[in-house]
Amino acid sequence: MIKNIKQIILLYLRNPAFSLILGIYLSGAVSSRYFLYKRDFFMSEEAFTFMFLSVICLAYIMGVQIKRQLANYRASLLPHYRKRHLGVSSLWYVLFILFAFLWEKSLPPSIIFTRAGLTGIYLACLCVAMLITWVGYLSLVRVFLVLYFAVLILAIQSQSIFHMIDNTPWLNGFFLFLSLVMLLLFGIRMMKLKEGNFEYSYLLTWPPKDLIKSQFAVGPQKPGFLSVIFGDLPAAGEGKTKKYTEKRSMLSRAFHWDYIELAELKLFWIFLALLTPFYLWFVKMANELHLFYNNTYANFLLLSVTPVLIVICGNYRRIVFWGYELLKPVKKEPFILQHGFAMLMNLLLYWFLFILFFSILPGLVLENPFLNELKYWLYLFLTGSYAFVVFAWISYMSSLKSTRLMILNGLVLCLLSLLQFYEAANFPRFIILTNSTVCLLIGGIFIQATYRRWCRAEF
Amino acid sequence: MADFAIEMKNVSKELGRKKVLRDLSLAIPKGSVFGLLGKNGAGKTTLIKCALGLVRIQAGGITVLGDDPGNLHEDTKQKLGYVPQSDRIYPWLSVKQIINYTASFYSHWNDQLVHSLLNDWDLDSNDKVGLLSEGQAQMLMIILALGHEPQLLIFDEPVASLDPAARRQFLKTILKIVSDRECTVFFSTHITSDLERVADRVALLKDDKIDFCGELDVLKDEVKRLRIVAPVDISEELNISGLIFCERSHHEAIISVRGFKPEMKIAIEKQLKAEIEVEDLNLEEIFLELNR
Amino acid sequence: MKNKAKYYFQINTSSGVPIYRQIIDQVKTHIATGRIKPDTFLLSVRQVAGELEINPMTVSKAYSTLEKEGVLGYVRGQGMKVKMKSHARADLKKRERELIPLLREVKVKASQLSLQPKKVIDLLKALWEE
């Protein structure tokens, strides 16, 4: 039995992603304490951010791992399999929390993190991660991705969250209770998971080789689950569309490639609309967060980067079929152009949804004076044009072959995003407008380069 | 009950709106090498998954080694080995690591057998699982299912992605296991020549039901093709029980029948004053005839 | 000492004739032609199955059928022993029936080559006396 548990623990450690992020977590914790020891509070806090963010990633990876371990036949046929795997996963998470406790011990009172706050947040992160992996289904993935990124963005405001949670014991208790109940439900479900269950085959997978395999194993994307909830939604794209060859305009051809996305988009609208009352209530109630939602300048990454990631993640699943689709009687150049166009349309729609639900609506409800200022609207425009750059840049990176170039590009992009996040709001209106224009220009150049590269690419 | 490794009684299974298995009964005697035949989409994989309790069934009862597959006892799991059609396993582990991992679940593990199989199949134990080819991955899965020397081995299309040499090696291994110790082997396939070599019993799955179930030799004895040449016009009057397929002109007919007996030939000969040639069919031909 | 027949069967797994029957036929044929002598032991079930890569149950089915027919006899601890010389004891009718399919083929071939029955019988006789 001990040998068995050792092997299961090794299963995690041998996973490169898990061990890498575990390393970041540990080094974040150690360096944070080190800087604290050196009385360098600023660096200590930065190091803590690493520790905090890496736990979110770890939670996510663990969610994927648990699903991966339990959504297969071995879970039913190997002796003691489920109990021990779930046991080891819990063990890992308990270790993380214990470690955080140790880390927190004898912290000077000037630092506001507490055990309760840490535990609550850690568990909440785990729950979100579980949900994402559990219902790793096409469209729902993206819905939960939004939630997930929201948590990630909130993490930047971690201080205020901790502060809020510490000061409102019932909220902390509520979080803790909710998390434990969800984890328990998750555990029970995982103990009994069978192949007939709807969530069995929808597993968020990485890397692509695996993804392609799983797509072929699952078969073509099934609209069945959607239609269960929303009647004939997916059929709207399928039944009424004309054949590709009968379509004349670029727009309708782009829609042709995109009809699944559209069904999802509708779902997304509905979901967000259902969610809005809850989070506005939450925003009104939580004074600290008030600032965050009411101050659009704090939401830069949420408004600009998240929609891009959602669009790219969606398309990433489809790109593996491009080579196959190109065997159909379509020309490569218009094919790529239409796909790019479809993605851009989606980006526009998602971005619009984000500024509506995460900035304009809260602004209206919380009576934000910014709404009357031109700068606010220019800033919103900047988030859109920056989203365009990020989209163009990531698309360009997808056509790069050299890993080094890709990492370099990624680093520059990250730094640029942070710079925009911290500095963009501090400038006057004119500079913001110039900033947007430059962004749109650069984006255009990248799109052009990407288009050319993909036209020359081998599938 | 103790005489059957797997026993299915009146099992029904639906996938969505489609009935895959309807009121199906099947018993696999202990110690047999049992082949499950059926066209693509006949429901072979579903049947196997039902038998293992990997999916829930809508009606009926199943026992596996005397246990309920929906809720297998840990001791029963020790005696089970299963290789699915395709599998995704942790790609970042090496062959050796995945073997150690799997071995750690079982109370008994035959290292020697595993090593000799790795040798036979030229699998390098330091290779990463993610880099193995489809066929190699299947070999590895087979090895993992054999390591704990189970009493019941279940394979779903075990040889589908193996080359002929590896396929032969696989059959040889299976035969060695069956002749060395008490072991039941149940596998689905559509490669009939493999089945003919190793199986002693077969079942044919057709239209969500078992069409034939029994000894392979009996099947071969029972399904025959008859070539009838008669002096009279026989294009109308052929009344033969168990007729599967018939092709005829005025004086000649080629018919395939099931439930054939030598007496049948004599009877028809007398009835039509015809000359009859009986043609033996191999499993592939039988498969094609029965699926007409 | 045990006198093992070093004879291996040749089977065709994808023929329409069941494998056990192929084995039975070959044992009988080789007893008749004298390749397998009386009182020799046949290879064990496991050896035959291993060599031919077929299911041991099939071999043991063939052996037990032969045993029932009186061709082989089981000697405890030693295996299957060839009991009789040929088909001497099987009744005449049965033996005749076995030959008929072959003769029918001869008949068909002969009429294709437009050979008279008498000529065929002569040829057969000549073969016999070779």
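The values are calculated or read from the model by the stated rules, or taken from the named source; none is laboratory data. Computed from a predicted model, the values in this text were never measured in an experiment. Ideal geometry is used to build each Cβ from the backbone, glycine not excepted, and the neighbour counts take in all protein chains shown. To get the accessible areas, we keep the full protein, side chains included, count just its heavy atoms, and leave off ligands, DNA and RNA. Shrake-Rupley method; radii C 1.70, N 1.55, O 1.52, S 1.80 Å.
Selection of segment A:18-32 for residues being open to solvent by less than 10 Å² (accessible area, probe 1.4 Å) and more than 16 Å from A:Y93 (Cβ to Cβ) yields A:G28, A:S32. With respect to the stated conditions, A:L382 fails to be in the same structural domain as A:L309 (by TED's automatic domain parsing), open to solvent by 20 Å² or more (accessible area, probe 1.4 Å) and not polar (S, T, N, Q).
Does segment B:94-102 contain any residue that is touching a residue at least 40 places away in the same chain (Cβ under 8 Å) and within 20 Å of A:K83 (Cβ to Cβ)? Checked against the condition, which is being touching a residue at least 40 places away in the same chain (Cβ under 8 Å) and within 20 Å of A:K83 (Cβ to Cβ), segment B:94-102 yields at least one hit. The set of residues in segment B:122-178 that are among the acidic types (D, E) and part of a helix (DSSP H, G or I) contains only B:E134. Summed over segment A:49-102, residues that are within 14 Å of chain B (Cβ to nearest Cβ), part of a helix (DSSP H, G or I) and more than 25 Å from the chain's Cα centre (by Cα) total 11. The one condition from (1) touching a residue at least 60 places away in the same chain (Cβ under 8 Å); (2) away from every other protein chain (no Cβ under 14 Å) that B:L117 does not meet is (1). Being surrounded by 11 or more Cβ atoms within 10 Å (Cβ to Cβ) and on the phi > 0 side of the Ramachandran plot is a property that does not hold for C:G34. Scanning segment B:227-243 for residues that are open to solvent by less than 50 Å² (accessible area, probe 1.4 Å) and either under 27 Å from the mean Cα position of the chain (by Cα) or modelled with pLDDT under 80 (or both) turns up B:A230, B:I234, B:S235, B:L238, B:I240, B:G242. Of the helices (runs of 4 or more DSSP H) that lie entirely inside segment C:12-102, those containing 1 or more residues that are within 14 Å of another protein chain (Cβ to nearest Cβ), closer than 30 Å to C:W128 by Cα and in contact (Cβ under 8 Å) with a residue 12 or more places away in the chain span C:19-33.
Only one of the numbered conditions (1) within 12 Å of chain A (Cβ to nearest Cβ); (2) surrounded by fewer than 17 Cβ atoms within 10 Å (Cβ to Cβ); (3) closer than 15 Å to B:A5 by Cα is not met by B:P29, and that is (1).
Restricting attention to segment B:266-286 and to residues that are in a helix (DSSP H, G or I) and open to solvent by 30 Å² or more (accessible area, probe 1.4 Å), the residue that is farthest from B:I228 (Cα to Cα) turns out to be B:E284. In the set (1) among the aliphatic types (A, V, I, L, M); (2) without any contact (Cβ under 8 Å) to a residue 40 or more places away in the chain; (3) farther than 23 Å from B:G35 by Cα, B:L162 fails one condition alone, (3). Among the residues of segment B:86-113, those that are open to solvent by 10 Å² or more (accessible area, probe 1.4 Å), facing another protein chain (nearest Cβ under 9 Å) and either at positive phi or part of a loop (DSSP other than H, G, I, E, B) (or both) comprise B:S86, B:D87, B:R88, B:I89, B:P91, B:W92, B:S104, B:Y106, B:S107. Kindly establish whether A:M62 is surrounded by fewer than 17 Cβ atoms within 10 Å (Cβ to Cβ) and either under 28 Å from B:L52 (Cβ atoms) or touching a Pro at 6+ places or on another chain (Cβ under 9 Å) (or both). The answer is no for A:M62. Which of the residues belonging to segment B:18-54 are part of a loop (DSSP other than H, G, I, E, B) and of a type in the set (A, V, I, L, M, F, W, C)? Across segment B:18-54, the qualifying residues are B:A42, B:L54. Of all residues in segment B:32-54, those satisfying the criterion of being of a type in the set (G, A, S) and more than 12 Å from chain A (Cβ to nearest Cβ) are B:S32, B:G35, B:G38, B:G41, B:A42, B:G43.
Right, B:S179: within 12 Å of another protein chain (Cβ to nearest Cβ), open to solvent by less than 50 Å² (accessible area, probe 1.4 Å) and not basic (K, R) or not? The answer is yes for B:S179. Can you tell me which of B:K265, B:K224 is over 29 Å from C:P56 (Cβ atoms) and within 14 Å of chain C (Cβ to nearest Cβ)? Unique residue meeting the criteria: B:K265. Condition test on B:C213, is it crowded, with 21+ Cβ neighbours inside 10 Å and closer than 28 Å to B:I28 by Cα? So B:C213 does not fit the description; no. The combined condition, being aliphatic (A, V, I, L, M) and over 17 Å from A:L183 (Cα atoms), is not fulfilled by A:M62.
Residue under question is B:D207, and the condition is that it be more than 13 Å from chain C (Cβ to nearest Cβ), in contact with a His (Cβ under 7 Å, 6 or more places away or on another chain) and open to solvent by 60 Å² or more (accessible area, probe 1.4 Å); does it hold? It is false that B:D207 is more than 13 Å from chain C (Cβ to nearest Cβ), in contact with a His (Cβ under 7 Å, 6 or more places away or on another chain) and open to solvent by 60 Å² or more (accessible area, probe 1.4 Å). Within segment B:55-73, the set of residues being within 11 Å of another protein chain (Cβ to nearest Cβ) and either in a helix (DSSP H, G or I) or in contact (Cβ under 8 Å) with a residue 12 or more places away in the chain (or both) comprises B:V55, B:R56, B:I57, B:Q58, B:V64, B:P69, B:G70, B:N71, B:L72. The condition of being under 22 Å from C:Y20 (Cβ atoms), assigned to a loop (DSSP other than H, G, I, E, B) and more than 12 Å from the chain's Cα centre (by Cα) holds for only one of B:E182, B:E263, that being B:E182.
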